[in-house]
Amino acid sequence: MNRRLNRRFVTGSTFRLIDRRDVLRGPFRILLAALSIGFVSSADSRAETGVHSDRIVLGQSAAFNGPAASLGTAFRDGLNAAFKAVNRSGGIHGRHIRLIGYDDGYEPEQAIANTKKLIDDDAVFALIGEVGTPTSRAAHPLSEKAGIPFVAPFTGASFLRDPALITAINLRASYAQEAEALIGYLTGSEHMSRIAVLYQDDTFGRVGLNGVREALKRRDMAPVSEETFRRNTTAVKRALLSIRRSQPEAVIIVGPYEPAAVFIKTAAQIGFEPTFAALSFVGSKALAAELHPNDHAVVVSQVVPLFDDRTLPLAKNFLDALTAANPQAEAGFVTLEGYIAGRLVAEALRRLGPQPTRSAFLDLFKSPATFDIDGMVLEFGPGDNQGSDRVFLTAIGEDGSFVALDAGL
């Protein structure tokens, strides 16, 4: 209690000592309560949206149900592993990080509804980990309009890498870079020339298709066949029969794990066994589980290193954090990407000091900024809102494990 409350007050010609207990009675208590409310309200009014005295609130809209559920769940598990590790160590300048998530089923309309709720009702500081190209294309304009950071979307779509965007902060390499790495491997190391493409018939699929086309064009080549399937379905048999007629040596799949697995297993049933390749969005761990035991040649491009290689400080710290946060969570490439995204946000908030703002957060990534996440170096700067350009190629083993085909391109 302030010692001023114990001083003697003049009342007529006498002096009376005001006891501390008197202060807590009657009008004194009412006055103090009013002053306290005014002080707290003033402090809250100065704080940034989503920043509270004890926590910083982030929001995620992603697929937690449906054919892409494994991707959203894995990314969320990675985020929570990073945030819980930070919170156990005292948080960021005394504040814990809290994540609010809503299921969008990998559907753009629901992603819009979720994003509006996170912005308007939950008043989050930033959006993080939107899963998918069509959902990101739908949700990102809302963050751009509100000036809310849109961090680490799980997509390599080129439209989010436009330097004119205000709020987009990308962690991963682009789909064009992944396609280049896959085509380089197939045409170079494997000496293949007949390559077909199966792609999801939406913005994601077309972005991936264009990446493959451009990579082949640089080698004076073109796809021998291009076929589609609808989002959130596994209806790939018609496309399979058409692709088989073109007699490709390899088929690049631009889609999530469920239709990819159906395509690969059905192809084997009819005696069609080229090399299969997929972009990272496929969800490698889920694909391996669907194919187990795997006796197909399957190559997947990744945007993070091997998640289970404990000789890497990043992988070791990730696995330890994931186990501590949720022993039932399954480690994988998507989970590791979510973990790195969580670590990135935590470090950015730490650098901003005890009074972070959205504008300062965004400015940090628009000025030259380097983040070393246990050896995974992310670099941002003016005109560059993508932290990593690295692509790692892996093959799925018979037992579902992953073998590195390179050290990172």
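In a Gaussian network model over the chain where Cα atoms closer than 10 Å are linked, find which of L319, L241, L364 has the largest mean-square fluctuation.
L241
Can you tell me the relative contact order of the range 207-299? Whole percent, Cα pairs under 8 Å, sequence separation 6 or more.
Numbers: 97 pairs, mean separation 23.2, N = 93.
Relative contact order for the range 207-299 comes out at 25 percent.
Alpha carbons only, please: Rg and Dmax for the range 175-302, in angstrom.
Answer for the range 175-302, Rg first and Dmax second: 12.9, 37 Å.
If packing is taken as the average number of other Cβ atoms within 10 Å across a peptide's residues, how do 371-377, 114-120, 152-158 rank, most packed first?
Packing order, densest peptide first, comes out as 152-158, 114-120, 371-377.
Mind checking the full-extension length gain between D201 and K237? Use 0.36 nm per residue of separation minus the Cα-Cα distance, one decimal, nm. Walk me through the numbers on the way to the answer.
Working: separation 36, 0.36 × 36 = 12.96 nm, distance 1.47 nm.
Length gained, D201 through K237: 11.5 nm.
How long is the gain from D389 to R310 if the chain were fully straight, where each residue apart is worth 0.36 nm and the alpha carbon distance is subtracted?
Extending this stretch completely gives an extra 26.2 nm.
So for each of 83-89, 128-134 I average, over its residues, the number of other beta carbons within 10 Å; can you give me the resulting order with the highest mean first?
Ranking, from highest mean packing down: 128-134, 83-89.
Pick the calculated mean projected area of the Cα convex hull in nm² for this structure from (i) 27.4; (ii) 18.1; (iii) 24.1?
So the structure-derived entry is (iii).
Using a Gaussian network model of the chain with C-alpha springs under 10 Å, which one of I253, I340, I243 is most mobile by mean-square fluctuation?
I243
Testing the spin-label approximation: label points 7 Å from Cα along Cα→Cβ at R218 and D122. State their distance in nm.
Modelled inter-label distance: 3.8 nm.
Between helix 257-269 and the chain, what is the angle of the helix's C-alpha long axis to the longest principal axis, kept within 0 to 90° and rounded to the nearest 10?
Once rounded, one gets 20 degrees.
Going by how many other beta carbons lie within 10 Å of each one, how would you line up E180, E290, E379, fewest first?
E379, E290, E180
Can you tell me how much longer the chain between R351 and D162 gets when fully stretched, taken as 0.36 nm per residue apart minus their C-alpha distance, in nm with one decimal?
65.5 nm
Between helix 26-46 and the chain, what is the angle of the helix's C-alpha long axis to the longest principal axis, kept within 0 to 90° and rounded to the nearest 10?
In the chain, helix 26-46 runs at an angle near 30 degrees to the longest axis.
When you take every Cα atom in the range 78-211, what is the radius of gyration, and what is Dmax, the widest Cα pair distance, in Å?
Final numbers for Rg and Dmax: 17.7, 57 Å.
Helix 333-352 against the longest principal axis of the chain: what's the angle in degrees, Cα atoms only, rounded to the nearest 10?
30
Every read-out reported here was derived from the displayed coordinates using simple, explicitly stated rules and does not represent laboratory data. Bear in mind that the values here come from a model prediction, so they are computed numbers and not experimental data. When we count neighbours, we look across all protein chains shown, and the Cβ atoms used for this are built from the backbone with ideal geometry, even at glycine.
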